[in-house]
1. Any idea of K188's accessible area? Nearest 10 Å², probe 1.4 Å.
2. Want the number for C144 to H122: 0.36 nm per residue separation, take away the alpha-carbon distance, what's left?
3. Rounded to the nearest 0.05, what FRET efficiency do A2 and A157 have when you use their Cβ-Cβ distance and R0 = 45 Å?
4. Using a 7 Å offset from the Cα along the Cα-to-Cβ direction at both E179 and R103, what is the distance between the two label points in nm, to one decimal?
Amino acid sequence: VAWMIHGDSWPNEHPEYEDFHLHTAMTTIKGFPWLYAATGDRSYLDDAIKACDRVFERSTWGTGQVQEQTSWGHDAPIHDETCQTSDLLQLSYLCAEFTGESRFYDRAEHLYYNGIRYLQTHDGDFMGYDSLPGPMRGSPWWYCCSPWGARALYEVARHLYASSPTAVYVNGFMPSSAELKLKHGSVKIETKA
């Protein structure tokens, strides 16, 4: 996980880690906000934010999918996969929850609508990678893609709405309703989509 926190200079000193599977590192980083919550040590949250920003900038396609491996110039394949995209979406929500910064909600929305929805096949499974475009691409038989895709859908549904004492935020659109408590009462929201 060090390159996510310390930047691109780190792999130059440790080329043996250049092609590690990004899902393993992202799974570790997702625990950092909870370490902050448990210990009060802000450095855990700061490292999670650095990692979230760096993976989004360095390893996310403009279309919202996250690379399966972070290749540093070797002949390793560079392709997108549901697991890493779901990981970054989940980390974005955690960063939003712990910091209150809306940019992380915006990032999660981008990953969901452009990445997760694209990686879902017509039969509901989620795919790995392939070179074919659109609904013909990929394979849903990778053991982790479909469960992590389903986890992304759960996290999106769980974060559809947020509120502060004076404002309500709509972070996604799917048939849903919620009652949110505000400083001077509550508001009920219903979305039809």
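1. Number for this one is 140 Å².
2. Values: separation 22, 0.36 × 22 = 7.92 nm, distance 1.79 nm.
Difference between extended and current length: 6.1 nm.
3. Details: r = 33 Å, r/R0 = 0.74.
About 0.85, to the nearest 0.05.
4. 3.7
The values are calculated or read from the model by the stated rules, or taken from the named source; none is laboratory data. Nothing here was measured: the structure is a model prediction, and the numbers come from that model. Positions of Cβ are generated from backbone atoms using ideal geometry, with glycine treated the same way; all protein chains shown enter the neighbour counts. Accessible surface is based on the protein model in full, side chains and every heavy atom, while ligands, DNA and RNA are left aside. Shrake-Rupley method; radii C 1.70, N 1.55, O 1.52, S 1.80 Å.
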